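Since the structure comes first, as structure tokens, the remarks are kept for the end.
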Amino acid sequence: MPRVLVVEDERKVLRGLERGLRAEGYEVLAAADGEEGLRLALTQSPDCVVLDLMLPGRPGLEVLAELRRAGLGPPVLVLTARDAVEDRVTGLDSGADDYLVKPFSFAELLARLRALLRRGHADRETLLRAADLEVDLLERRARRGGEEVELTQREFELLVYLLRHKNAVVTRQMLGQDVWREPGFALTNVIEVYVNMLRRKLERPDRPPLIYTLRGRGYSLRG
């Protein structure tokens with residue numbers, strides 16, 4: 001039985017979706033705010049998420065970003081009253097898999113859910129690689145040359161971000177905003193310390209470096 005998480009602050013819509021999806025044979029998890037939705041998404045392993053954007057507590061786009069940063073995010077169908085093209089583009093660029101504008105047809109929502117569930121885990125990236133470095137997003141483990149690399153949660157998040165931007169320049173501003181969720185210019189020293197700690201854990205005397213500092217620009221993980 002597929003498990004669907006519905007995060008929607010309009011109680012009438014939420015209850016209607018709960019009843020309709022259960023009648024169609026789905027197991028349904030429900031949340032009326034962003035914080036609870038994120039908690040359920042990270043702890044209850046839903047097969048798909050129906051996510052409103054305008055949520056109390058934590059906006060839908062922020063919930064979506066957290067899911068994608070965690071690397072465990074299921075397919076996400078964004079459900080919203082915003083119908084401007086730029087809003088749809090923002091949602092999809094932020095990691096949504098599909099987009100449905102209110103008011104919507106329940107039959108169309110079911111069709112879109114079925115399409116997302118058919119994709120399942122097959123379309124989701126669970127392993128990130130660079131040279132002989134491999135990061136398993138599901139197990140939250142990193143290995144270099146088959147050897148386990150022990151990382152703190154922040155170091156793991158930093159490494160995943162660098163891997164997702166492999167061979168590109170990652171600025172401190174980007175790291176501050178996307179990893180620390182604070183302005184990068186306020187965290188310059190902290191970011192530098194963490195990058196250096198991560199670099200030391202990944203370095204091997206018989207292998208080339210992976211993380212490069214680009215003076216005045218930021219960092220780049222290459223491989």
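Computed values, structure above
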read-out	value
Residues that are loosely packed, with under 15 Cβ neighbours inside 10 Å and either out of contact with any strand residue (DSSP E or B) (no Cβ under 8 Å at 6 or more places or on another chain) or at pLDDT 90 or above (or both), drawn from the range 116-128	118, 119, 120, 121, 122, 123, 125
Flag if residue 148 is more than 28 Å from residue 53 (Cα to Cα), surrounded by fewer than 16 Cβ atoms within 10 Å (Cβ to Cβ) and modelled with pLDDT under 85	no
Number of the exception - residue 113 against (1) of a type outside the set (Val, Ile, Thr); (2) open to solvent by 70 Å² or more (accessible area, probe 1.4 Å); (3) modelled with pLDDT of 85 or more	(2)
Cross-chain or 6+ apart pairs with Cβ under 8 Å, the range 131-146 first and farther than 19 Å from residue 200 by Cα, then of a type in the set (Val, Ile, Thr) and at pLDDT 85 or above	137/160
Any hit, the range 71-79, residues being of a type outside the set (Asp, Glu), more than 30 Å from residue 152 (Cβ to Cβ), surrounded by fewer than 17 Cβ atoms within 10 Å (Cβ to Cβ) and touching a helix residue (DSSP H, G or I) at 6+ places or on another chain (Cβ under 7 Å)	no
Residue tally, condition under 15 Å from residue 129 (Cβ atoms) and either modelled with pLDDT of 90 or more or open to solvent by 70 Å² or more (accessible area, probe 1.4 Å) (or both), over the range 212-223	2
Pair list, Cβ < 9 Å and 6+ apart or interchain, from the range 171-182 residues that are free of Cβ contacts under 8 Å to residues at least 24 places away in the same chain to residues that are surrounded by fewer than 18 Cβ atoms within 10 Å (Cβ to Cβ) and polar (S, T, N, Q)	176/188
Flag if residue 8 is free of Cβ contacts under 8 Å to residues at least 24 places away in the same chain, of a type in the set (Asp, Glu), in contact with a strand residue (DSSP E or B) (Cβ under 8 Å, 6 or more places away or on another chain) and crowded, with 16+ Cβ neighbours inside 10 Å	no
Residues located in the range 17-35, provided they are in contact (Cβ under 8 Å) with a residue 60 or more places away in the chain and of a type in the set (Gly, Ala, Ser)	20
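The values are calculated or read from the model by the stated rules, or taken from the named source; none is laboratory data. What you see is a predicted model, and the numbers here were worked out from it, not measured in a lab. Counting neighbours? That spans all protein chains shown, and the Cβs are built from the backbone with ideal geometry, glycine included. Quick note on the areas: whole protein, heavy atoms, side chains included, nothing else; ligands and nucleic acids left out. Shrake-Rupley method; radii C 1.70, N 1.55, O 1.52, S 1.80 Å.
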